[in-house]
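Here the structure comes first, spelled out in structure tokens, and everything after it is commentary.
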Amino acid sequence: MQDDVAVLRSSGLAVIDGAFASRRHAFDFAVHVIDRCCEEARRVPLEVIGDFVIPPLNGPISRDFQTLHLDFGLPIDPRVDQDVGVYTALYVADVGQQAVAQTRLVSLAGLLGQRAWPAHEQLVARLIAYGRTHGAWDDADGYSEGSLARIVEAAAGLVPTLPSVKLDPGFLCGLEFHTLSAELAFFQLHGLDVEGAATSVQLAPGGLLIFDNLAVAHGRRGVRQPGELHQQVIGRRGLSPTAQVAIRDQVMRAFSHAPG
Ligand SMILES: [Fe+2]
């Protein structure tokens, strides 16, 4: 376990492949690793704030990719107490078919550091303005953004091109792109080479992946069978807007890793 803690701390992700007989064993192990990894979690334990099966056991097979995102989103303009995901644990169950999907993991600092950005205050202003015109469902609830593409579009400050829940109430978040190549092309247009900052993990049944949800964006390449992926999001429940802003400002330091 000590190695897993060190790897998670240094790289933002840890893979423990094929080792667990059940999701309970896997997620118990994940909580131990996270508690040891996160200094703050030792003082105030993190909680499981989300527990999902993807796709649901009796649902259809997933589509063949998932856009890059942060679970529970990054608080941008918080107005109310909200849960914030800090770590995510993924466990692959044996559903009788080969698990072919790869989890795509993209270091925020590694990606955003590929180009220059404005100073922090201007970036925050751009992100908040984007939420008012393109991002938030309801301004009274504030604005959190889960889509990495939207965060980049907001930070770039150009005319937005992605579909918007504000302009199209029927739009479903996560469906910004029809194909993986369209997503990669979007980032390329913003001067960002996703593949250059990405790690792919293909878990076999029994495998566990833990990652820092606020340092690493994640998505998927390939389909998942119903009941295949079990996910727990471990974080802080009911954080105040002030505490959310502190997390936002910490995460947005990834923008300041720009080349000189
Ligand atoms: Fe996710």
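Remarks
Here's the yes/no breakdown for (1) farther than 23 Å from D51 by Cα; (2) within 16 Å of the ligand (Cβ to nearest atom); (3) not in a helix (DSSP H, G or I):
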residue: L209; (1), (2), (3): no, yes, yes
residue: H218; (1), (2), (3): no, yes, yes
residue: V233; (1), (2), (3): no, yes, yes
residue: R236; (1), (2), (3): no, no, yes
residue: F255; (1), (2), (3): yes, no, no
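- Within segment 108-159, the residues that satisfy the criterion of being touching a strand residue (DSSP E or B) at 6+ places or on another chain (Cβ under 6 Å) and not in a helix (DSSP H, G or I) are A136, G142, Y143, S144, E145, G146, S147.
- Among the numbered conditions (1) within 16 Å of the ligand (Cβ to nearest atom); (2) surrounded by 20 or more Cβ atoms within 10 Å (Cβ to Cβ), the only one that G131 does not meet is (1).
- The C-beta contact set for segment 144-159 (first residue among the basic types (K, R), second residue crowded, with 22+ Cβ neighbours inside 10 Å, distance under 7 angstrom, 6+ apart or interchain) comprises R150/G135.
- Flag for E176 being under 30 Å from A30 (Cβ atoms), acidic (D, E), within 15 Å of the ligand (Cβ to nearest atom) and assigned to a loop (DSSP other than H, G, I, E, B): yes
- Qualifying residue in segment 179-200 (condition: under 28 Å from P241 (Cα atoms) and either of a type in the set (D, E) or within 15 Å of the chain's Cα centre (by Cα) (or both)): no
- Y87 being modelled with pLDDT of 95 or more, over 23 Å from L239 (Cβ atoms) and within 17 Å of the chain's Cα centre (by Cα): no
- The residues listed here are R24, R36, R43, R63; of these, the one that is over 30 Å from H178 (Cα atoms), touching a residue at least 24 places away in the same chain (Cβ under 8 Å) and out of contact with any His (no Cβ under 7 Å at 6 or more places or on another chain) is R36.
- Close pairs (8 angstrom Cβ cut-off, 6 or more residues apart or separate chains): in a loop (DSSP other than H, G, I, E, B) in segment 188-206, among the polar types (S, T, N, Q) anywhere: G191/Q114; L192/Q114; D193/Q114; Q202/Q102; Q202/T103; L203/T103
- Of the strands (runs of 3 or more DSSP E) lying entirely inside segment 1-86, those carrying at least 3 residues that are in contact with a Gly (Cβ under 9 Å, 6 or more places away or on another chain) are 47-54, 65-78.
- Residues that are within 16 Å of the ligand (Cβ to nearest atom), among the aliphatic types (A, V, I, L, M) and within 22 Å of A215 (Cα to Cα), drawn from segment 50-91: L68, L70, L74, V84, V86, A89, L90
- Test for V233: is it farther than 24 Å from R253 by Cβ and either within 16 Å of the chain's Cα centre (by Cα) or buried (at least 20 other Cβ atoms within 10 Å of the Cβ) (or both): no
The values are calculated or read from the model by the stated rules, or taken from the named source; none is laboratory data. The structure presented is a predicted model; accordingly, all values stated were derived computationally and were not measured. As a convention, Cβ positions derive from the backbone with ideal geometry for all residues, glycine included, and neighbour counts pool all protein chains shown.
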